[in-house]
Amino acid sequence: MAKGLKIAGGIVVGLIAIGACSAATNNDDGTKPGSDNAKPAATAKADSKTTASQAEQFTACVNKNGTPTEKAAVTHVTKVTGADKQNNILDAPEVYTDFTGGLTGPHQAEGKLIATAFTSCYKSDNGLVTVYDKDAQVLANAQF
């Protein structure tokens, strides 16, 4: 019985050593030390897409497909969060602007334009985008 335990213990130690060596020879991106560290084409494309912020991606979409009033409104977008990861269950991205006044203020119409423009650029089975002013007060929201 003791001999069987020693063998089993040796196997476990061996597997741990193999795993440690394997982890030590691979970088996080899957390349091995000493190689040219070139990323696959698919990864390089994904990296170039993610270099633009979510706000830049959103405004680029609107500038390409939006109406003139939507294009004017999105020039006030300062930040977008939650647009990059959607699960179609309960998506709730947020768009921040440099407007003031909240829901009853003078820029509520521009907030609604931004929310509508967002629904043209992003799709979800169960999403709600919320547009905020610079003081984090709600300007508008829309289902998308």
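The values are calculated or read from the model by the stated rules, or taken from the named source; none is laboratory data. As the structure is a prediction and not an experimental result, all values here were calculated from the model. We place every Cβ from the backbone using ideal geometry, glycine too, and count neighbours over all the protein chains shown. Side chains are part of the model used for accessible areas, which takes the heavy atoms of the whole protein and leaves out ligands, DNA and RNA. Shrake-Rupley method; radii C 1.70, N 1.55, O 1.52, S 1.80 Å.
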### Summary
Net charge near Ala73 (other residues with Cβ under 10 Å of its Cβ; Lys, Arg +1; Asp, Glu -1) is 0
### Query
Where the accessible area of the range 57-144 is counted over protein heavy atoms with a 1.4 Å probe, how much of it, in %, is carbon and sulfur?
51 percent
### Task
For Leu90 paired with Gln137, estimate the spin-label separation in nm (one decimal), with each label point 7 Å from Cα along the Cα-to-Cβ line.
2.7 nm
## Note on the structure
Averaged per residue, the 1.4 Å probe accessible area of the range 70-144, protein heavy atoms only, in Å², is roughly 53 Å²
### Task
Excluding Ala83 itself, calculate the net charge of residues whose Cβ lies under 10 Å from the Cβ of Ala83, where each Lys or Arg counts +1 and each Asp or Glu counts -1.
-2
